[in-house]
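**Q** First the structure, then my questions, so here it is.
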Amino acid sequence: MKKVIFVMGVSGCGKSTIGKLLSEDLKIPFFDGDDFHPEHNVLKMSSGQALNDDDRQGWLETLNNLAKDQLAKNSCVIVCSALKQKYRDILSRDIQSETKWVHLSGSFEQIFKRINSRPDHFMPAELLTSQFDILEHPKNALQIDISLSPEQIIKTINKELMATSEFGLFGLGVMGKSLCRNLANNGFKISMFNRHVDGIEEDIAKNFKAQYSELSQAEAFDDISAFVNSLQQPRRIMLMVNAGKTIDYVIEDLLPHLSENDIVIDGGNSNYVKTKERYEYLKTKNIHFIGTGVSGGEEGALKGPSIMPSGDRDAYDNVKVFLEKISAKDKNGLPCCTYVGPEGSGHFIKMVHNGVEYVEMQLLAEVSTILEALGQNPDDIANTLEGWRTTASSYLLEITTAIFRKKEGDDWLVNKILDKAGNKGTGNWTTIASAELGVPSTLIASALFSRYISFYKEERLQLHQNFRTIVSSEMNITTNDVLEAYQFARIINHYQGFKLIAEASNKFSWNLNLSEIARIWTNGCIIRSTLMEDLVEIFKETTNILTNSELIEHINQYKPSAKKVVSQCVLNDITTPALGEAIQFLNGITTTYASANIIQAQRDYFGAHTYQRLDDDSGKSYHTNWN
């Protein structure tokens, strides 16, 4: 991968000397940034005046364009003081992934003595002091002690910057392997690790590397120490291992080999509470921890997933070039990756993403069952779903259509699949989090419990014999009724999912941006859809999508069909828990005087829990002796 290496530091640190030696050693072009100052800057400096930020702006942009032009042909070395972070941001604009920083650092006394020992050079102490005063130490640079000899410095740069890997991936399961290939395809030099277990897992990383040409420059390891030492500092290590205790075991295995300011990224489906605990624990070790939701499955991880990182903002800035580069891109070409917020917020929104996904899958399963009851075979169902893409397009609708077309022999494969749905825990966590936060995510719970019911296959077969079911050959609904019921329930599902995120943001002071979350879910992830694209704009105006005039109109249009479909399914003993709950929830959330008054009276009767009165707005609590 081509690189531009910026050698930076205060005047007198030896930038030009080291830059020229490095370019000769690497056989790549060398440029001294001072040679590119405009005449105005040269005249100002010649008169003894210091340059201000406005003077530097055009000069820094010129060097940025120089770097871009050179990268089209080759790597290069550019020397430039670049003392402030905002200067470095301009220099690396649009080429962050190809930019490497070398900071030649030394003490004031060391540099002052060195610069004034030169026969043709004298720098007043005040001028050097002013440079040290504005120097903002770069966090992403290779730090080089200028007390080393030039030969030692070049050797260090080659060892630490050119020969070492930029990014480490720990765990080569399905997702880990796809992310490795994605990183390599985007030009990053990576190190890959997978554990060694005699007779079970042997040479996994080595064999994986040999399998794909894009991994030819990658390093493969099954020894943790060698893996960690192969990485540039601060090290960036992404864990793609099973959530739970395994994460903690891996962290403990890594810790003895890590250094201060190294960054560990958990890219699995971890519980957000555990992510917060790990974040706090590693902070005591001076190690940064980033909890990152990754959605898109095997294909998404390879071609571009949706990525939801959270934790320390500075640590994210150190890894964002990698995560943003490998992520999917939205319709405007922006990465479907953004800094979500602090602590475990990234894993929280990934958890909610999966909860919304549970419902979207359940709804498609329900409407497919209804279409089958209307007499459609799998090919017919596929054709019907295909026709819905113009008004209700989504990734899950797409793949469900493909599922119903797939045949094995003379029969459709879907008819041969055992009707027991599994889950990996995120639906459970979403439901638990909803209960803990007091948010009615009723569709997510309904979809989760539907999976639980499906798992009781033997009991379902037994109980089927005990109870009569009635399925009419003529259901009084059309496929358009089913489509509108589906669209109705999807709006309610997205309302509930984002409501849960908004309430968590308020509770934990995360300050989450709902529009930005919707945006990174418009591509790469499992729940991407045209509805999600609409929500990006809607959330710029409100945090409650049921107050949006367009969605209000849709809800009012679709609700009659939803009621009709669900009532027909009830009459014909067809199970539609998610479709039915969508109606029940909207009825509940729009009821001006709910039945909760009766419940509160009951609580006061048996437990003296008290109640408040409609005719007293003071907030006073009342208790009645009901006997």
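**Q** Tell me the label only: which of (1) 118, 51, 50; (2) 129, 60, 46; (3) 102, 71, 46 is Cα extents along the principal axes in Å as calculated from this structure?
**A** (3)
**Q** Continuing with this model, one more query. Name the residues whose placed amide hydrogens come within less than 5 Å of the amide hydrogen of Ser75, ignoring near sequence neighbours (fewer than 5 apart) on the same chain.
**A** Lys3
**Q** Now for a separate question. Under a Cβ-only charge scheme (Lys and Arg +1, Asp and Glu -1), can you give me the dipole magnitude of the chain about the Cα centre, in debye to the nearest 20? Don't skip to the answer; put the middle values down first.
**A** Values: 64 positive and 79 negative charges, 95 e Å.
With only Lys, Arg, Asp and Glu charged at Cβ, the dipole is about 460 debye.
**Q** Give the aspartates and glutamates reachable from Lys155 as a straight Cα distance under 20 Å; neighbours fewer than 8 places away on the same chain don't count.
**A** Qualifying aspartates and glutamates at Cα under 20 Å: Glu24, Asp25, Asp145, Glu166.
**Q** In the range 131-191, which GluC sites (Glu not before Pro) are in a loop and have at most 15 other Cβ atoms within 10 Å, using DSSP for the loop call? Display every interim value, and only then the final one.
**A** Details: sites: Glu136, Glu151, Glu160, Glu166; in loops: Glu136, Glu166.
Sparse-neighbourhood loop GluC sites (Glu not before Pro): Glu136.
**Q** Quick check on the exposure proxy: order Ile552, Ile527 from fewest to most C-beta atoms within 10 angstrom. Intermediate results must be reported in sequence, preceding the final value.
**A** Details: Ile552 13, Ile527 26.
Listing Ile552, Ile527 from fewest to most nearby Cβ atoms yields Ile552, Ile527.
**Q** Students often get this wrong, so check it: of Lys2/Lys27; Lys177/Lys245; Lys68/Lys139, which have C-alpha atoms separated by over 18 Å? Could you put the intermediate results ahead of the total?
**A** Details: Lys2/Lys27 13 Å; Lys177/Lys245 22 Å; Lys68/Lys139 23 Å.
Result: Lys177/Lys245; Lys68/Lys139 exceed 18 Å.
**Q** Given the rule -39500 (n - 2.57) for each run of at least 4 DSSP H residues, summed and divided by the residues of the chain, what is its mean residue ellipticity at 222 nm, to the nearest 500 deg cm²/dmol?
**A** Working: 27 runs with 324 residues, N = 627.
The per-residue figure over the chain is -16000 deg cm²/dmol.
**Q** How would you rank Phe6, Phe585, Phe108, going from fewest to most other Cβ atoms within 10 Å of each one's own Cβ?
**A** Numbers: Phe6 26, Phe585 20, Phe108 13.
Least crowded to most crowded, the residues run Phe108, Phe585, Phe6.
**Q** Mind ordering 439-449, 315-325 by average Cβ neighbours within 10 Å, highest first?
**A** Working: 439-449: 22.8, 315-325: 20.6.
Per-residue Cβ counts within 10 Å, averaged per peptide and sorted highest first, yield 439-449, 315-325.
**Q** For the range 188-270, which GluC sites (Glu not before Pro) are both in a DSSP coil and crowded by at most 14 other Cβ atoms within 10 Å?
**A** Numbers: sites: Glu201, Glu202, Glu214, Glu219, Glu252, Glu260; in loops: Glu202, Glu260.
Passing sites in the range 188-270 are Glu202, Glu260.
**Q** To continue, here is another question. Over 28 Å between Cα atoms: which of Lys331/Lys420; Lys3/Lys329; Lys274/Lys416 fall into that group? Please report the intermediate quantities before stating the final value.
**A** Details: Lys331/Lys420 37 Å; Lys3/Lys329 23 Å; Lys274/Lys416 39 Å.
Checking Cα-Cα distances, Lys331/Lys420; Lys274/Lys416 exceed 28 Å.
**Q** Taking only pairs that are 8 or more places apart or on different chains, how many Lys pairs in the range 471-566 have Cα atoms under 26 angstrom apart? Kindly include the intermediate steps, with their values, before the conclusion.
**A** Working: Lys499/Lys507; Lys499/Lys540; Lys499/Lys559; Lys499/Lys563; Lys507/Lys540; Lys540/Lys559.
Lysine pairs meeting both conditions in the range 471-566 amount to 6.
**Q** Helix 549-571 versus the longest principal axis of the chain: what angle, 0 to 90°, nearest 10, using Cα atoms?
**A** Helix 549-571 and the main axis of the chain meet at about 40 degrees.
**Q** With 10 angstrom as the radius, rank Arg181, Arg389 by how many other C-beta atoms surround their C-beta, starting from the fewest.
**A** Details: Arg181 21, Arg389 13.
Listing Arg181, Arg389 from fewest to most nearby Cβ atoms yields Arg389, Arg181.
**Q** Between the DSSP loop rule and a limit of at most 16 other Cβ atoms within 10 Å, which trypsin sites (Lys or Arg not before Pro) in the range 550-627 are left? If you can, show how the numbers build up before the last one.
**A** Numbers: sites: Lys563, Lys564, Arg603, Arg613, Lys620; in loops: Arg613, Lys620.
Taking the range 550-627 and a limit of 16 other Cβ atoms within 10 Å, the loop trypsin sites (Lys or Arg not before Pro) found are Arg613, Lys620.
**Q** Related question: As a test, work out the antiparallel percent of DSSP beta bridges whose residues both lie in the chain, rounded to the nearest 5.
**A** Values: 12 of 49 bridges.
So the antiparallel bridges in the chain amount to around 25 percent.
**Q** Note the angle between two axes, namely the Cα long axis of helix 479-508 and the longest principal axis of the Cα atoms of the chain, as a number of degrees from 0 to 90, rounded to the nearest 10.
**A** Computed tilt is about 50 degrees.
**Q** Output the 0 to 90 degree angle, nearest 10, between the alpha-carbon long axis of helix 395-405 and the longest principal axis computed from the alpha carbons of the chain.
**A** So the inclination is approximately 60 degrees.
The numbers here are math on the coordinates, done by the rules we state, and not lab data. None of the values given here were measured: they were computed from a predicted structure. Every residue, glycine as well, gets a Cβ built from its backbone with ideal geometry; the counts of neighbours run over all protein chains shown.
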